[in-house]
Each structure stands twice: as C-alpha cells, then as structure tokens.
Amino acid sequence: MHASARLYTVVILILFTGIGLILYKHLALGFPLMPDEKKFVWTIEAKIDFQAHGEPVIVSFALPPKEPHLTFMEEDFASSDYGFSELSSDEEQRRVQWSKRSAQGAQTAYYRLSVYENDKMIESPPSDDPLPPQKPELDEVFLTASLTLLETVRAKSANPEIFTRELIQTLNSPSPNQNQRLLRNDKAGENYKTDLILNLLALEGISARVVRGLFLEDGRRRQPLTNFVEIHDGQKWIIFNQDTGKSGKPKNFLIWQRGGQSLLDVIGGKNSQVSFSIIQNIHSTRNLVVNSGMHTQAGLIDFSIYSLPIEQQTAFKMILLLPIGALIVVIMRILVGIRTSGTFMPILIALALIQTTLVTGIVIFLIVVSTGLLIRSYLSRLNLLLVARISAVIIVVIAIIASISIISHKLGLSQALQVTFFPMIILAWTIERMSILWEEDGPREVFIQGAGSLLTAVIAYLFMTNRTVEYLTFNFPELMLVNLALILILGQYTGYRLTELYRFHSMGRHHVSDKR
Amino acid sequence: MFLTSVKRLRSMGIIGMNQRNFGLIGRYNPRHLYPLVDDKLKTKRLAQEAGITVPQLLGTLHYHHDVKQLKDMLSAYSQFVIKPVKGSGGKGILVITEQDHNLYYKPSGDAVKLSHIERHVSNILSGLHSLGGKPDSVMIESLIQIDPVFADYSYEGIPDLRVIVLKGYPIMAMLRLATHASDGRANLHQGAVGVGIDIGTGEALHAVQYGDPVYFHPDTRKPFSNLTVPHWNKLLELAAACYEMTNLGYLGVDIVLDRDQGPMIIELNARPGLSIQVANFAGLAPRVAIVEALEDINPDPQSRVQFSKRNFAAVRNLIRPRRRRTHHTASALSFS
C-alpha cells in the first residue's frame, strides 16, 4: 500500500499545516475562534475653535495619555494650512501643536481618536510621584472659613482618603451652612470648585491634582471635559468625583489629562474653545486584531485576504464558503449515497438560497423548475435540435422569472423578487436535465434526483449560513487545508454507503448464499 | 426489515459503490481505455477483428445532413434498431419491428412516422443521449430475433445477459428481463427483473424485482425455476474473450441470444453496476478475491471459463431446491 501511505503522509501534512496556522492565528495573533466576541470602539473627535486676528497662531492641545489598557487604533489631526507637530513623546503628558504664520477669522482644528479597551492589561492607577502640596494664597475671610471647614471634616476622618471624601461631600451638601456657602460660591463653574477642593486639600497638606476626562456615551456632541480630583494618600493615587465624593474611576470614563497644565493654549487667537463628540462603534475583535496586525506588519495578515479591497473581500467571503459546500456534497454522495442531478449543482442552488433565504428560495426554485418542465415537455414535441431547445428553455426561464417578479410585486410579496438570484443557466440546465431524465427514466428518478439535490443544497445552505462557519471560513482560510485533508480521507472510503444498506436490504432476509 | 446491517453485508461479501469505484474500476480500468467501450462503433469493430459475434451493422449517420438519407437507408430493412454510438444504460435506443406503408412499428405495437425517427436520429446527433451531452453518431443495427427459450420470459424487449468479467474470468452473471413496469427496458431500477444465473450451469438461481425476490415473471407468470440459458459455454467464452479485446480488467459484458446466430455481444460497460449481487443473492467480493489471488492470468479464454465454472458455480440453488447436476457433469456437459 505504497500509494495510500503517501496519501496519508500528504493528508497529515496538510492537516497539521492547517491546524497549526489556525492555532498560530488564534494564540499568537489573538484571532478569536468564535465570532461572538465584540468590542466597543469609541471614536472621539475634539473640535478646537477660535478666532484669529491676523497674527502668528500657535495652538497647543493636550492629548490623552496612552495607557496600557487602552489600544489607540487611529489618531488623526486635521486643520487646513497649519503646521503640525507633536510636542512631547512622553506617554503621560502628550501635547500637539498647530502653528501658522498668520490667520484671520474663525479657525478650526480637529483631533480624532479611535480607542478601545483591550484585555491584555488590567487598568492600574498612575504610578508617578506626587508634587508636594503648595500652600495657596487666600484672603483672610476665605482662609478662616476654610480652616473651620477643614476642622469639622478632619474630626470625622481618619486618613487622607476618608478626609477627601468627607470634604467633597460636605462641600456638596444640599443644606450648606454660611461657611460652606461662602467657600462654594454657587455662581462659579466647575473649574472653580476643582480649584477650591485642590486648595483645601493643599491647606491640609494632601498632594492632589485635577484630572480631566470624558464620559464616553454614544452619540454625544459638544461634550465638555469633566473634572475629577485625584489625591495621593502616600502610596497611590486615588481619583474622586468632585460632585459626589465617590472614589474610583467610573466605567467608560476616558482620562484626557492629569495635572494642572492647560488643556488648550491658543496664542494669536481669542474665544478659543474645545468641544468633544463621541461615537461608539461595535467592532468584532477580529477586525481589531486585523487592524493592529496591519500596523505591526504581521506577515500572515499582511499577505492575506484582509489586504484586498473590501469589495473583493466580500466576494471571497462567498467563495471561501464553497469548500464547505463541496465537503457536504462529498459526504452526501460518498457516505450517505444520495443521488444528485449534477455533482455540484446543489452547491450552486445553496448559493442562490443564501441570497433568497431558505423557504422563499425553495418555493421559487420549485415553481420555476416545475413550470419549466411543463413548458419543456411542450417544446419536446416541437422537434427542435438540442442547442436550440436549451436556448429556448433559457428564454422561457427568464420569462417565468420575470412574470414571477411582476406578479408577486403586484401582490405585494417582496420576497419573490429575489428570484433573480438564481443563476439563469443553472435553472435552464436543471430543467433540461430533469426533463431528459423524465423521458428516459420516468418521474420516479426525477423525483429522487431532484429531492436529493434539494436536500443536499439545503444541508449545504444550513452549514454555509451558519454564523460560526461563515466566520471561520473567512477568517481562517487555513480551514480549507483541513477541509481538503478531510475530503482526501473521504476519497479513500470504500465502505458501504448508507443508502446501500437499503439497496441491499433483501440480502439480509435469509441466510443463504452461494459464496465459496 | 428496512435497512440491513453493515456486518451482514460484509459477511456476504457485498461490494458497495465506493469499493467498486475504488477497488475495481479505479484499479483495473485505466481511463484511457474507456473510449473503446463508450463508443459502440469502436467496440463493434474491435469485436469483429477479434472474431466475436456482434449484431450486424446496417448503417451509420454522423452529420445532421445525413438525416435526409435515412429513408433510403431504412427502406431495405423491415426490422432494425437505432442506437446512439456513445449512449449509456440503454438510453436513446429505438427498436422497429415492422415497416409498412411508411409507418414504422415499435415492439409495443405503436406506429410512428418517418419524421419521428428522423427527430430521434437528430436528437442523438445533437448529443441528447450521449455521455456529457457531446455530439454523437447514430448506428443502425439488425434486430435480434428472440430465442424461443426466452419467449415466455420477456415483455416486449429482448432479454440480455450481463456477465461481470474480472481480469478475463467471468465471475457473475445475470439475466435482465424487461417487464411492463420497466416499460420494456432492461433497467433493474426501473422495474426490470434481474435473474441471477449460475456460472457453472447457466441455470436461474434467484430473481429480484425492485430488490425483492420474485419467483415468476410478473407479466407472463412463468416460473424461473425452469429457466436455463442455452449456449452457456459459448456465451461465457465470448464474455471472457472481451478481456483481451479491451484490456479492461473489470468489465460488464452485455450479451443477447439470437435465435439464429446464438450469443452475440451488444455492449460493453466499463462501470458495471452492483445490482447483479442482489439478483444472485451473493456478493462479488469472495469471487474477486479468488481471481485476485491468481498469480497469472491464463491467456486462453476457454481455460478461464473452465476455471470460473469450477470456482463460481452455485453450491445451492435458491429457486431449484434439488441439485440435478454436480459441477463435474455440468462442465463436462458444456463441452458437448
């Protein structure tokens, strides 16, 4: 059995290559094996507006720090005719600068960021050392009020963390006493409150800083940054909501900037403001992996279907499903022993079914083929040559399809319009073959082969539309190798087909035989 | 019982389609030899060169413009058979048993006009009945006269004998009888009766219709227990000689018995089916194993036939309970 040994070597080689590639993509490149893993990708756009008045313009803007638990997919900077540079490469304090010799009128600059939370890293608080608190300079009345407040808060707290929470809660108390009201100055804005808290903490000798960030909510426009307060309790940084006193970073909160540096500086302009809009996209993990693979030039991704234009990728999605259909046909014919009309016609029917959905597709198929058979039986009486007859059948099929479309449209059945997804030639050939079969082998054989073809097509359809199968075939084209190996093994199968157990059923009746 | 078990089939040595395609056709039938049997004209010429009896060729048509000559070609014969040269499974065969006043009569008694025959011929030429729909040629053959032995066992058509020849050794034989249900055709899956024939004697062994045992012809009600194929030895030798003619190791030889000329080859098949096992109530595998165990193939068809008769004769007849002859007398008789 030299030949079969060689075959099995090839099969094993193909199988291992296929499985190996799949495992490599899964384990090393992070391709999920199942299609359900979805990620939220946030696209944040910062729009900077200001009025220039004909002087040199320099705009400096703080960018969010690159933290390990976040993956920055894309960063875009856009502004017409501006020189552009990134100021510091420090991951923590990134700044970008736009500049222009002279500008007049309303100016706009954009910064766009796409970011998602990866699961490689657990989010950790920053580890930088705090600056020693600087005593603020306050006027007499203010200082006295502050000290009194601190006194009350200190009495109720044991450590800097509790102290901060207590302080913020007292300041935000719904029934403020006179002291608190003086300090609070309800007419002032958010930044005032942040400064107040920072000053009070500095008086108490606690290192603190402002944290500006963005609540990520889908579809928000013209969002401002929200201020949080972060204190250092001697070991670590703790972040506090300055309105509620709750500690810890809220979910979906993107930290944009830490510390007291300005968010936006505009030299040579006025009325500058920055606003943020946020969109949430759902991406499959696969897309994200592919994207990051493209950037890091992973060879397997760079030289793959993903490098094709999107349109071709969609075509390949379909093409890569064909091997699954072929496998089904092989199984149905070799293991089950179902007779189909034409070896691969079931796959083509299955492809058409994918476009039309199952029930609609089958109904349309049956209507077209049976009408076609009727008309074909009339054509056979007209004494035509074969080629002319098939051509006539094609025209008849087109007429049937057109009338089905029109009638169903008038009846308001939009599903039947999908009849056009069936390949014309396939339908015509099916009708031609079926009618020859009818004439030569009788309606029984037509029924057997027709039902066999449809059954195989439906099974192939069910597999080919399975989301997991679709996902796997497209994202792991290596599966084709596994498929190929399976088909090669099946090609060696010499046992009985399932239908043969019926075909030879009378052989099981009585135990007589003439074998020697 | 609806399905039988794999174990049972294996113990009987039944060969399945996959095993046939892989172990017999794939191993013994090189594809380049197929045209010899797929093209019936080639087969016929080969057979004539080898001195094997075949039905007489009355004429051939290759092109559509030949169709005009059809009337002249047919005028000399009152009985003839029109066949596609590359047809398979009996497709596209038109039998005319009588010609009278421009009307042609089919075995069923239906009269057809010349135009019908012309259309049939042009369909064949367009490839309607050929393998893969390729353009085809038409051959017109003399009609075989039914042997009186079979007269009681046939509905319309002429019974034909299918002999499976493995590497030149006839290993199994089956008589195919057209029935009313099969519309006068000899295709088993259409309802023709398959009668397993004892390789040793030519006697009927077992008969099936639609896969189930039958004991008499469904239309003529004649029991098969009296059926013995005449010219059995000659017939097996003809079949065995086809191996040298084609070099195909796994061959289905279709033979008819003519009342006047005896057995003649009508068709060879490089992909013979497996229903013959059901008709014989026996599997091919043990017989294949016996032939495969032979070290070399005897070049003489007659000796091969003797070997087959010795080795593949039925031990027990399923429709004739008593054994009338032993193997030795059977083979001795067939020499006479």
> Would it be correct to say that B:Val112 is of a type in the set (A, V, I, L, M, F, W, C), open to solvent by less than 40 Å² (accessible area, probe 1.4 Å) and touching a residue at least 60 places away in the same chain (Cβ under 8 Å)?
Replying inline: no
> Condition test on A:Gly219, is it open to solvent by less than 80 Å² (accessible area, probe 1.4 Å) and touching a strand residue (DSSP E or B) at 6+ places or on another chain (Cβ under 6 Å)?
Replying inline: no
> Within the bounds of the stretch A:474-494, is there any residue that is modelled with pLDDT of 85 or more, at the interface with chain B (Cβ under 7 Å from one of its Cβ atoms), open to solvent by 40 Å² or more (accessible area, probe 1.4 Å) and outside any helix (DSSP H, G or I)?
Replying inline: yes
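For B:Gly196, indicate whether it is open to solvent by less than 10 Å² (accessible area, probe 1.4 Å), at pLDDT 90 or above and within 20 Å of B:Ser275 (Cα to Cα).
Values: open to solvent by less than 10 Å² (accessible area, probe 1.4 Å): yes; at pLDDT 90 or above: yes; within 20 Å of B:Ser275 (Cα to Cα): yes.
Spelling it out, B:Gly196 is indeed open to solvent by less than 10 Å² (accessible area, probe 1.4 Å), at pLDDT 90 or above and within 20 Å of B:Ser275 (Cα to Cα).
Within the stretch A:350-383, how many residues are on the phi < 0 side of the Ramachandran plot and touching a Lys or Arg at 6+ places or on another chain (Cβ under 7 Å)? I'd like the intermediate steps shown before the answer.
Keep residues of the stretch A:350-383 that are on the phi < 0 side of the Ramachandran plot, which gives A:350-356, A:358-382.
Now drop any that are not touching a Lys or Arg at 6+ places or on another chain (Cβ under 7 Å), which leaves A:379.
Result for the stretch A:350-383: 1.
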>> Show the residue pairs meeting these rules: Cβ distance below 7 Å; 6+ apart or different chains; first residue within the stretch A:265-284 and open to solvent by 90 Å² or more (accessible area, probe 1.4 Å); second residue among the basic types (Lys, Arg).
In response: A:Ile282/A:Lys38
>> Can you pull out every residue in the stretch B:303-336 that is out of contact with any Asp or Glu (no Cβ under 6 Å at 6 or more places or on another chain) and modelled with pLDDT of 90 or more?
In response: B:Ser303, B:Arg304, B:Gln306, B:Phe307, B:Ser308, B:Lys309, B:Arg310, B:Asn311, B:Phe312
> Restricting attention to the stretch A:131-140, does a residue exist that is part of a helix (DSSP H, G or I) and surrounded by fewer than 12 Cβ atoms within 10 Å (Cβ to Cβ)?
Replying inline: yes
> Out of curiosity, is B:Leu251 closer than 15 Å to B:Ala50 by Cα, in a strand (DSSP E or B) and either free of Cβ contacts under 8 Å to residues at least 24 places away in the same chain or not aromatic (Phe, Trp, Tyr) (or both)?
Replying inline: no
> Given the conditions (1) open to solvent by less than 60 Å² (accessible area, probe 1.4 Å); (2) in contact with a Leu (Cβ under 8 Å, 6 or more places away or on another chain), and given that B:Gly90 satisfies all but one, which numbered condition is not satisfied?
Replying inline: (2)
> Does A:Gly54 satisfy being of a type outside the set (Phe, Trp, Tyr), open to solvent by 10 Å² or more (accessible area, probe 1.4 Å) and in the same structural domain as A:Asn271 (by TED's automatic domain parsing)?
Replying inline: yes
> Out of curiosity, is B:Thr220 in a loop (DSSP other than H, G, I, E, B), more than 13 Å from chain A (Cβ to nearest Cβ), in contact (Cβ under 8 Å) with a residue 40 or more places away in the chain and farther than 27 Å from B:Asn29 by Cα?
Replying inline: yes
> Out of (1) more than 33 Å from the chain's Cα centre (by Cα); (2) open to solvent by 50 Å² or more (accessible area, probe 1.4 Å), the odd one out for A:Thr164 is which?
Replying inline: (2)
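Of B:Arg304, B:Arg310, B:Arg287, which residue is over 27 Å from A:His505 (Cβ atoms) and within 14 Å of chain A (Cβ to nearest Cβ)?
Values: B:Arg304 fails: within 14 Å of chain A (Cβ to nearest Cβ); B:Arg287 fails: over 27 Å from A:His505 (Cβ atoms).
Within the list B:Arg304, B:Arg310, B:Arg287, the selection yields B:Arg310.
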> When residues of the stretch B:279-309 are filtered for being open to solvent by less than 30 Å² (accessible area, probe 1.4 Å), in a helix (DSSP H, G or I) and of a type in the set (Gly, Ala, Ser), how many remain?
Replying inline: 2
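Of the residues A:Leu214, A:Leu254, A:Leu288, only one is at pLDDT below 75 and either buried (at least 17 other Cβ atoms within 10 Å of the Cβ) or on the phi > 0 side of the Ramachandran plot (or both); which?
Working: A:Leu214 fails: at pLDDT below 75; A:Leu254 fails: at pLDDT below 75.
Answer to the check: A:Leu288.
Which residue, of A:Leu300, A:Leu308, A:Leu320, is at pLDDT 80 or above, in contact with a helix residue (DSSP H, G or I) (Cβ under 9 Å, 6 or more places away or on another chain) and of a type outside the set (D, E, K, R)? Even if it seems obvious, please write down each step before you answer.
Details: A:Leu300 fails: at pLDDT 80 or above; A:Leu308 fails: at pLDDT 80 or above.
Matching residue, one of A:Leu300, A:Leu308, A:Leu320: A:Leu320.
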> Consider B:Ile276 against the criteria (1) within 12 Å of chain A (Cβ to nearest Cβ); (2) assigned to a loop (DSSP other than H, G, I, E, B): it satisfies all of them except one. Which criterion is unmet?
Replying inline: (2)
> With respect to B:Leu46, is the statement that it is over 14 Å from B:Ile140 (Cα atoms) and over 23 Å from the mean Cα position of the chain (by Cα) true?
Replying inline: no
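Matching residues to (1) assigned to a helix (DSSP H, G or I); (2) within 14 Å of another protein chain (Cβ to nearest Cβ); (3) among the acidic types (Asp, Glu):
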{"residue": "B:Gln19", "(1), (2), (3)": "yes, yes, no"}
{"residue": "B:Leu41", "(1), (2), (3)": "yes, no, no"}
{"residue": "B:Gly51", "(1), (2), (3)": "no, no, no"}
{"residue": "B:Met73", "(1), (2), (3)": "yes, no, no"}
{"residue": "B:Tyr77", "(1), (2), (3)": "no, no, no"}
> So is A:Thr430 touching a residue at least 60 places away in the same chain (Cβ under 8 Å) and farther than 30 Å from A:Leu498 by Cα or not?
Replying inline: no
> Hey, any hits in the stretch B:3-17 for a residue that's polar (S, T, N, Q), within 14 Å of chain A (Cβ to nearest Cβ), buried (at least 16 other Cβ atoms within 10 Å of the Cβ) and over 17 Å from the mean Cα position of the chain (by Cα)?
Replying inline: yes
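Listed here are the residues, each with its yes/no results for (1) part of a loop (DSSP other than H, G, I, E, B); (2) of a type in the set (S, T, N, Q); (3) crowded, with 16+ Cβ neighbours inside 10 Å; (4) not assigned by TED's automatic domain parsing to the domain that holds B:Val256.
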| site | (1), (2), (3), (4) |
| --- | --- |
| B:Lys83 | no, no, yes, yes |
| B:Gln99 | no, yes, yes, yes |
| B:Ala151 | no, no, no, no |
| B:Gly157 | yes, no, yes, no |
| B:Leu161 | no, no, yes, no |
| B:Val165 | no, no, yes, no |
> Residue check, A:Leu198 against (1) open to solvent by 20 Å² or more (accessible area, probe 1.4 Å); (2) not basic (Lys, Arg); (3) not in a helix (DSSP H, G or I), all met but one. Which one?
Replying inline: (3)
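Given the criteria at the interface with chain A (Cβ under 10 Å from one of its Cβ atoms) and modelled with pLDDT of 85 or more, does B:Ile171 qualify? Explain how you work it out, then say what you get.
On the way: at the interface with chain A (Cβ under 10 Å from one of its Cβ atoms): no; modelled with pLDDT of 85 or more: yes.
The answer is no for B:Ile171.
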>> Within the stretch B:285-303, does at least one residue satisfy the condition of being among the hydroxyl-bearing types (Ser, Thr, Tyr) and either under 19 Å from the mean Cα position of the chain (by Cα) or within 15 Å of B:Leu161 (Cβ to Cβ) (or both)?
In response: no
> Among the listed residues A:Arg389, A:Arg381, which satisfies the condition of being within 14 Å of chain B (Cβ to nearest Cβ), of a type in the set (D, E, K, R) and either open to solvent by 20 Å² or more (accessible area, probe 1.4 Å) or within 32 Å of the chain's Cα centre (by Cα) (or both)?
Replying inline: A:Arg381
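The values are calculated or read from the model by the stated rules, or taken from the named source; none is laboratory data. Just so we're clear, the structure is a prediction, and the values are computed from it rather than from any experiment. Positions of Cβ are generated from backbone atoms using ideal geometry, with glycine treated the same way; all protein chains shown enter the neighbour counts. Just the protein is used for accessible areas: all its heavy atoms, side chains included, with ligands, DNA and RNA removed. Shrake-Rupley method; radii C 1.70, N 1.55, O 1.52, S 1.80 Å.
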